[in-house]
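For reference, the structure discussed in these notes is given below.
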Amino acid sequence: MKRIAAISVVILSLIVIAGIVIQLGVVKNHKTLDEIITAAGKFVRDEHELFISGLDYTVEVPGEKVVLWVNGLPISNNELQTRLSLHKASGTGTQTIEEIEKILVEEKVIQSEAAKLGLTPTDEEINAFISQEKETAKNDPEYKAGVEKIIAAWGLSEDEYWNVYERYNVYRILAADKLSRHLLKDYYSKNKITPADEKQAKEKWDEFIAEKVAKAEVKVNPKFRR
């Protein structure tokens with residue numbers, strides 16, 4: 001469903017479905033993408049306000065609504081609950097709050113590392129990426145059908161799809177892509193990339209992120225602890 005031409009092989013080891021990042025091959029019961037979209041739709045329709053607010057990374061989050069701060073970046077309760085509910089509704093295998101927290105902590109670490117290096121995705125980059133996706137939707141019937149399926153199944157407006165849901169995805173994708181391209185300069189400079197190169201690049205990326213996660217400053221809001 002998601003077309004990510006600019007994303008590295010490292011980031012392609014993950015796929016973005018319904019705003020959820022899941023490891024390849026872990027989808028329960030071998031669900032098809034259509035089944036995942038349909039299943040997630042009930043949550044999105046029933047909790048539309050939560051869904052929309054949980055994907056808005058551009059707002060300042062009041063301290064009382066933050067579950068965790070990761071290197072100073074907030075994980076709001078709305079974002080956590082939105083991602084958790086999407087996973088549960090779609091049955092994609094990651095269905096505990098601890099698992100979702102782990103995913104979000106890693107994402108915030110990536111975003112904080114990108115920010116340190118001046119690699120935070122700009123509005124211009126995000127808009128260009130979305131414009132490219134819109135153009136693809138015009139010219140690729142299969143891609144267009146997929147977008148229309150999500151919009152219909154989730155009860156979204158076209159504006160909500162592109163400017164809330166998709167913007168949230170693109171921000172996360174570009175942050176990871178820009179950071180990986182910085183970290184793996186040698187990999188990207190090669191004229192020919194072998195499977196061994198891909199394996200080595202992914203191992204380097206995984207080691208880098210694991211190290212940064214282990215050293216991350218994670219501050220917990222006791223209000224939300226179980």
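The values are calculated or read from the model by the stated rules, or taken from the named source; none is laboratory data. These figures come from a predicted structure and were not determined experimentally. All Cβ positions, glycine included, derive from the backbone under ideal geometry; neighbour counts span all protein chains shown. In case anyone asks, the SASA skips ligands and DNA or RNA and just uses the protein heavy atoms, side chains included. Shrake-Rupley method; radii C 1.70, N 1.55, O 1.52, S 1.80 Å.
Residue-wise test of (1) aliphatic (A, V, I, L, M); (2) within 28 Å of Glu79 (Cβ to Cβ).
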site	(1), (2)
Leu156	yes, yes
Glu166	no, yes
Lys178	no, yes
Arg181	no, yes
Thr194	no, no
Lys202	no, yes
Asp206	no, yes
Ala216	yes, yes
Asn221	no, yes
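Consider Ala137 against the criteria (1) modelled with pLDDT under 90; (2) in contact with a Leu (Cβ under 7 Å, 6 or more places away or on another chain): it satisfies all of them except one. Which criterion is unmet?
(2)
Working carefully through the options Ala216, Ala210, Ala137, find the one that is among the small types (Gly, Ala, Ser), without any contact (Cβ under 8 Å) to a residue 40 or more places away in the chain and closer than 26 Å to Leu55 by Cβ.
Just a single option satisfies the conditions, and that option is Ala137.
Those residues that are of a type in the set (Gly, Ala, Ser) and in contact (Cβ under 8 Å) with a residue 40 or more places away in the chain, I need them from region 140-153; list them, please. Working first, answer last.
Of all residues in region 140-153, those of a type in the set (Gly, Ala, Ser) come to 145-146, 152-153.
Correct list: Gly146, Ala153.
Could you please let me know if Lys42 is assigned to a helix (DSSP H, G or I) and modelled with pLDDT of 95 or more?
On the way: assigned to a helix (DSSP H, G or I): yes; modelled with pLDDT of 95 or more: no.
Spelling it out, it is not the case that Lys42 is assigned to a helix (DSSP H, G or I) and modelled with pLDDT of 95 or more.
May I ask you to say which residue of Lys190, Lys149 is out of contact with any Gly (no Cβ under 7 Å at 6 or more places or on another chain), more than 20 Å from Thr122 (Cβ to Cβ) and not in a loop (DSSP other than H, G, I, E, B)?
Values: Lys190 fails: not in a loop (DSSP other than H, G, I, E, B).
Checking each option against the conditions leaves just Lys149.
Name the residue that is nearest to Ile173 (Cα to Cα), counting only residues in region 113-128 that are open to solvent by 20 Å² or more (accessible area, probe 1.4 Å) and outside any loop (DSSP other than H, G, I, E, B). So that I can check it myself, show each step before the final result.
Of all residues in region 113-128, those open to solvent by 20 Å² or more (accessible area, probe 1.4 Å) come to 115-120, 122-125, 127-128.
Add one more test, that the residue is outside any loop (DSSP other than H, G, I, E, B), and what stays is 115-116, 123-125, 127-128.
Working: Ala115: 14, Lys116: 17, Asp123: 13, Glu124: 15, Glu125: 11, Asn127: 13, Ala128: 13 Å.
Here the answer is Glu125.
When the residues of region 88-107 are filtered to those that are assigned to a loop (DSSP other than H, G, I, E, B) and on the phi < 0 side of the Ramachandran plot, which remaining residue is modelled with the highest pLDDT?
Residue satisfying both the conditions and the ranking: Thr96.
With among the charged types (D, E, K, R) and touching a residue at least 40 places away in the same chain (Cβ under 8 Å) as the only criterion, which of Glu98, Glu158, Glu125 stands out? Lay out the reasoning, then the answer.
Details: Glu98 fails: touching a residue at least 40 places away in the same chain (Cβ under 8 Å); Glu158 fails: touching a residue at least 40 places away in the same chain (Cβ under 8 Å).
Answer to the selection: Glu125.
Condition check: closer than 18 Å to Leu55 by Cα, open to solvent by less than 20 Å² (accessible area, probe 1.4 Å) and among the small types (Gly, Ala, Ser). Does Ser90 satisfy that?
Taking the combined requirement at face value, the residue satisfies it.
Residues Ala137, Ala201, Ala152: which one is exposed (fewer than 14 other Cβ atoms within 10 Å of the Cβ) and among the aliphatic types (A, V, I, L, M)?
Ala152
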